[in-house]
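Single-structure report; data block below.
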Amino acid sequence: NNKAIRLIDKVENDYKAEKRFLTKRAETTEVLAGVGLSVETASHDIMGVIAKVFTNLDGLISDLLSNDKIDKEELVEDLQSIRGGVGFVEAQLKDIQLLFRSSKQRRKQIRVGDIISKVERIYKRELEKEDIILSINIIGSPLVVKTTDAVLLQLLLNLIDNSVYWLKQIEK
């Protein structure tokens, strides 16, 4: 029966299209959930550094308003501290931006060690706070994979995030 065959083909094609749509949507949801976790961790560190920068700035303003004579060395130290804090915030935000999918991002050869360094920076404070030592053993040539920065960064962030979570659950 040709009519039944056409109807079955239409149902099958509609099913495949819906499955592709739902699979893509699930993948996007997983990526966004991971991005949320990573942004939460990074934003905590960023807020801490910004608070220190504001404290330094307030101290400088107070010193400038109350003192006739400014200690140049102390001023340079404070300004360098502020610059370091702003540099840290910039680096964190650059790393966060890698997490967002971009239509311009193409798969390329990436050294895994470079992305691991970024993950270490993002989790540095949390690892120190929890007294967790991140140890990486490099064996042989540097590991290179063909992927996007966002995918590799997200994968490693998820691994570290899960590891930190479970290490918090046990007695050290």
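Carbon and sulfur together cover what percent of the accessible area of region 22-78 at a 1.4 Å probe radius? Roughly 61 percent of what the probe reaches on region 22-78 is carbon or sulfur. Probing with 1.4 Å while keeping every protein chain in the model, the per residue accessible area of the chain equals 76 Å².
Here the simple spin-label model places points 7 Å from the Cα toward Cβ, and for K19 and E73 these points are separated by 7.3 nm.
Only helices enter the 222 nm calculation for the chain: every DSSP H run of n ≥ 4 contributes -39,500 (n - 2.57), and dividing by all residues gives -27500 deg cm²/dmol, rounded to 500. Cross-link partners for K108 among the lysines, with Cα-Cα distance under 20 Å and sequence neighbours closer than 8 places in the same chain left out: K94, K118, K146.
Each 5 Å bin from zero holds the following percent of Cα-Cα pairs in region 1-54: 4, 17, 10, 11, 9, 8, 8, 7, 6, 5, 4, 4, 3, 2, 1, 0. Along the axis of the charge dipole computed for the chain (Cβ charges of +1 for Lys and Arg, -1 for Asp and Glu, origin at the Cα centre), the listed residues L93, I115, L167 are led at the positive end by I115. Computed on region 19-83, the Cα convex hull volume stands at 76 Å³ per residue. Considering region 1-158 at the alpha-carbon level, its Rg and Dmax are found to be 24.7, 98 Å. Net charge in the neighbourhood of V53 (other residues with Cβ under 13 Å of its Cβ; Lys, Arg +1, Asp, Glu -1) is -2.
A simple spin-label model places pseudo-atoms 7 Å from Cα toward Cβ; at T28 and Q169 they are separated by 3.1 nm.
The values are calculated or read from the model by the stated rules, or taken from the named source; none is laboratory data. Note that the coordinates shown come from a computational prediction; the quantities given were computed from them, not determined experimentally. Here the Cβ is made from the backbone with ideal geometry for all residues, glycine too, and neighbour counts use every protein chain on show. Calculation scope for accessible area: heavy atoms of the full protein, side chains included, ligands and nucleic acids excluded. Shrake-Rupley method; radii C 1.70, N 1.55, O 1.52, S 1.80 Å.
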